[in-house]
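Student: First, the structure itself, so that you have it in front of you.
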Amino acid sequence: MKFFTIAALAIASYGSAAFAENTFGPLIAPDALNVELADDAPLILDIRGEAYAEGHIPGAISAPYGDFRGPSDNPGQLVPEDQLEATLQGLGVTFDRRVAIVHEGDSDTDFGAAARVYWTLKSSGLTQLAILNGGMTAWEAADLPLNNEAAQPVPSDIDISFSDQWLADTDDVAAAVKGERDAVLVDARPASFFEGKKAHDAAERPGTLPGAQNVNHEVWFKDGKSIMDSTAATDLMTTLGLKQDTEIVSFCNTGHWAATDWFAMSELAGVPNVKLYPESMVGYSKTDNEMQNVPGLFRNLLNKIMPN
């Protein structure tokens with residue numbers, strides 16, 4: 001199997017079509033968001049958790065990332081629809097108000113949290129979404145205003161129906177592995193995970209999906225903190241010349257790094273048929289489905305004792 005460290009797909013013409021429904025995002029710069037804080041401000045969801053109390057964008061609502069994640073033994077698992085709906089209602093989310101998602105922005109890994117929340121909201125039916133590019137790190141670097149008082153959301157009565165348009169489940173992935181479904185499998189993890197040298201603590205075994213290509217989530221970042229723009233993402237994807245009409249399934253350990261790959265391919269490069277496998281290898285490894293790059297018992301033990 002050919003091992004790639006960067007990915008490509010589609011043509012640039014898909015970009016404009018992808019953004020037709022999202023005139024607000026998918027990214028917003030700190031200065032631009034600051035301007036938006038005046039009249040008709042977007043709902044700002046700060047997903048940083050405890051860091052919110054130390055200073056946040058004026059008017060931002062605390063919406064901890066953990067509220068959008070599964071249990072510790074399977075963190076990528078989808079939140080039940082009724083539970084997710086209650087969470088969104090409590091945050092004051094509505095279909096007609098724009099939403100800006102704010103993460104810490106201190107690393108490319110941290111961006112995955114914002115991308116996963118973005119994917120969840122888009123799958124819930126929201127169309128006006130944006131991620132603050134560079135997160136709070138970029139906001140503070142631009143010397144923009146901060147507030148320490150917790151903003152209180154106005155609860156909504158939003159009624160969601162979670163879409164599977166951008167979702168791949170274990171059965172879908174297993175079908176792709178068996179050749180029963182035409183899809184390109186993209187592993188967003190660092191090479192050590194892809195090669196089976198490391199595994200998530202909640203995974204039953206290390207390894208990857210047979211036939212997967214490794215597209216490390218780090219490749220989308222220009223400085224390790226701010227993700228590249230649409231033109232650069234499209235150029236990066238076309239480097240390998242993968243078929244433009246092929247379904248892409250992005251996965252990692254728990255659907256976190258994979259959300260970054262999904263966001264870059266779907267929302268930045270505008271490729272129309274990119275799906276996220278939320279449970280990713282933690283969920284998949286708990287099944288008896290075929291895996292690749294699974295080390296033998298002795299090698300696996302050695303990898304744990306002497307990790308690379």
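Student: Considering only residues of segment 36-56 that are aliphatic (A, V, I, L, M) and assigned to a helix (DSSP H, G or I), which is least open to solvent (accessible area, probe 1.4 Å)? Give the steps one after another, and end with the answer.
Tutor: Step one: of segment 36-56, the residues aliphatic (A, V, I, L, M) are 37-38, 41, 43-45, 47, 51, 53.
So of that shortlist, the ones also assigned to a helix (DSSP H, G or I) come out as 51, 53.
Working: ALA51: 22, ALA53: 69 Å².
Looking at the filtered set, the residue picked out is ALA51.
Student: Picking from ALA202, ALA176, ALA151, which residue would you name as being assigned to a loop (DSSP other than H, G, I, E, B), more than 27 Å from ILE28 (Cα to Cα) and among the aliphatic types (A, V, I, L, M)?
Tutor: Working: ALA176 fails: assigned to a loop (DSSP other than H, G, I, E, B); ALA151 fails: more than 27 Å from ILE28 (Cα to Cα).
Checking each option against the conditions leaves just ALA202.
Student: Looking at LYS122 and the list (1) within 21 Å of THR137 (Cβ to Cβ); (2) crowded, with 21+ Cβ neighbours inside 10 Å; (3) not β-branched (Val, Ile, Thr), which single condition is not satisfied?
Tutor: Condition not satisfied by LYS122: (1).
Student: Oh, and also: Condition check: under 30 Å from PRO30 (Cβ atoms), out of contact with any Pro (no Cβ under 6 Å at 6 or more places or on another chain) and surrounded by 20 or more Cβ atoms within 10 Å (Cβ to Cβ). Does ALA188 satisfy that?
Tutor: On the way: under 30 Å from PRO30 (Cβ atoms): yes; out of contact with any Pro (no Cβ under 6 Å at 6 or more places or on another chain): yes; surrounded by 20 or more Cβ atoms within 10 Å (Cβ to Cβ): yes.
So ALA188 fits the description; yes.
Student: Looking at MET265, is it over 14 Å from ASP172 (Cβ atoms), surrounded by 24 or more Cβ atoms within 10 Å (Cβ to Cβ), under 15 Å from the mean Cα position of the chain (by Cα) and at pLDDT below 95?
Tutor: Details: over 14 Å from ASP172 (Cβ atoms): yes; surrounded by 24 or more Cβ atoms within 10 Å (Cβ to Cβ): yes; under 15 Å from the mean Cα position of the chain (by Cα): yes; at pLDDT below 95: yes.
Taking the combined requirement at face value, the residue satisfies it.
Student: Scan (1) out of contact with any Leu (no Cβ under 7 Å at 6 or more places or on another chain); (2) assigned to a loop (DSSP other than H, G, I, E, B); (3) within 19 Å of TYR118 (Cβ to Cβ) for the single condition VAL271 breaks and write down its number.
Tutor: It is condition (1) that VAL271 fails.
Student: If I ask for residues that are in a loop (DSSP other than H, G, I, E, B) and in contact with a Leu (Cβ under 6 Å, 6 or more places away or on another chain), which ones from segment 59-74 would you list? Write out each step before concluding.
Tutor: First, pick out the residues of segment 59-74 that are in a loop (DSSP other than H, G, I, E, B): 59-60, 63-64, 69-74.
Of everything in segment 59-74, just one residue is in a loop (DSSP other than H, G, I, E, B) and in contact with a Leu (Cβ under 6 Å, 6 or more places away or on another chain), namely ALA63.
Student: Does GLY59 satisfy being within 25 Å of PHE251 (Cβ to Cβ) and at pLDDT 95 or above?
Tutor: Judged against the criteria, GLY59 is not a match.
Student: Within segment 86-98, count every residue that is assigned to a helix (DSSP H, G or I) and within 29 Å of ASP39 (Cβ to Cβ). I'd like the intermediate steps shown before the answer.
Tutor: Kept after step one, since they are assigned to a helix (DSSP H, G or I), are these residues of segment 86-98: 86-91.
If we keep only those that are within 29 Å of ASP39 (Cβ to Cβ) as well, we get 87-91.
Within segment 86-98, residues that are assigned to a helix (DSSP H, G or I) and within 29 Å of ASP39 (Cβ to Cβ) number 5.
Student: Restricting segment 69-114 to residues that are within 15 Å of SER280 (Cβ to Cβ) and among the charged types (D, E, K, R), which is least open to solvent (accessible area, probe 1.4 Å)?
Tutor: Restricting to residues being within 15 Å of SER280 (Cβ to Cβ) and among the charged types (D, E, K, R), the top hit is ARG69.
Student: Which residue, of SER123, SER161, is closer than 30 Å to THR246 by Cβ, small (Gly, Ala, Ser) and touching a Leu at 6+ places or on another chain (Cβ under 7 Å)?
Tutor: Numbers: SER161 fails: touching a Leu at 6+ places or on another chain (Cβ under 7 Å).
Criteria check complete, one pass: SER123.
Student: Being touching a residue at least 12 places away in the same chain (Cβ under 8 Å) and not in a loop (DSSP other than H, G, I, E, B) is the filter; apply it to segment 160-172 and report the residue that is nearest to ASP46 (Cα to Cα).
Tutor: Selected residue: LEU167.
Student: Condition first: in contact with a strand residue (DSSP E or B) (Cβ under 8 Å, 6 or more places away or on another chain), modelled with pLDDT of 95 or more and polar (S, T, N, Q). Can you find one or more residues in segment 67-81 that meet it?
Tutor: There is no residue in segment 67-81 that is in contact with a strand residue (DSSP E or B) (Cβ under 8 Å, 6 or more places away or on another chain), modelled with pLDDT of 95 or more and polar (S, T, N, Q).
Student: Do we have any residue at all in segment 150-159 that's among the acidic types (Asp, Glu), at pLDDT 95 or above and either surrounded by 13 or more Cβ atoms within 10 Å (Cβ to Cβ) or under 20 Å from PRO42 (Cα atoms) (or both)? Step through it out loud before you land on a result.
Tutor: We begin by selecting, within segment 150-159, every residue among the acidic types (Asp, Glu); these are 157, 159.
Restricting the remaining residues to those that are at pLDDT 95 or above gives 157, 159.
Pick out the ones that are also either surrounded by 13 or more Cβ atoms within 10 Å (Cβ to Cβ) or under 20 Å from PRO42 (Cα atoms) (or both) and you get 157, 159.
Yes, there is a match, as at least one residue in segment 150-159 is among the acidic types (Asp, Glu), at pLDDT 95 or above and either surrounded by 13 or more Cβ atoms within 10 Å (Cβ to Cβ) or under 20 Å from PRO42 (Cα atoms) (or both).
Student: While we're looking at this one, here's another question. Mind listing just one residue for me: the one in segment 160-182 that is of a type in the set (Gly, Ala, Ser) and within 19 Å of the chain's Cα centre (by Cα) and, of those, most open to solvent (accessible area, probe 1.4 Å)?
Tutor: The extreme case among them is SER163.
Student: Which of the residues that make up segment 214-230 are touching a residue at least 12 places away in the same chain (Cβ under 8 Å) and either open to solvent by 30 Å² or more (accessible area, probe 1.4 Å) or over 18 Å from the mean Cα position of the chain (by Cα) (or both)? Even if it seems obvious, please write down each step before you answer.
Tutor: First pass over segment 214-230, keeping only residues touching a residue at least 12 places away in the same chain (Cβ under 8 Å): 214-221, 224-230.
Of everything in segment 214-230, those that are touching a residue at least 12 places away in the same chain (Cβ under 8 Å) and either open to solvent by 30 Å² or more (accessible area, probe 1.4 Å) or over 18 Å from the mean Cα position of the chain (by Cα) (or both) turn out to be GLU218, VAL219, LYS225, ASP229, SER230.
Student: Looking at segment 232-240, is at least one residue modelled with pLDDT under 95, buried (at least 24 other Cβ atoms within 10 Å of the Cβ) and of a type outside the set (A, V, I, L, M)?
Tutor: Yes: one or more hits.
Student: Which residues, taken from segment 191-203, are open to solvent by 40 Å² or more (accessible area, probe 1.4 Å) and under 14 Å from SER280 (Cα atoms)? Let's see the steps before the verdict.
Tutor: The initial filter retains those residues of segment 191-203 that are open to solvent by 40 Å² or more (accessible area, probe 1.4 Å), namely 195, 197-201.
Matches in segment 191-203: ALA199, HIS200, ASP201.
The values are calculated or read from the model by the stated rules, or taken from the named source; none is laboratory data. None of these values were measured; they are calculated from a predicted model. No Cβ is skipped: glycine too gets one built from the backbone with ideal geometry, and neighbour counts run over all protein chains shown. Areas reflect the complete protein model, heavy atoms only, side chains present, ligands, DNA and RNA absent. Shrake-Rupley method; radii C 1.70, N 1.55, O 1.52, S 1.80 Å.
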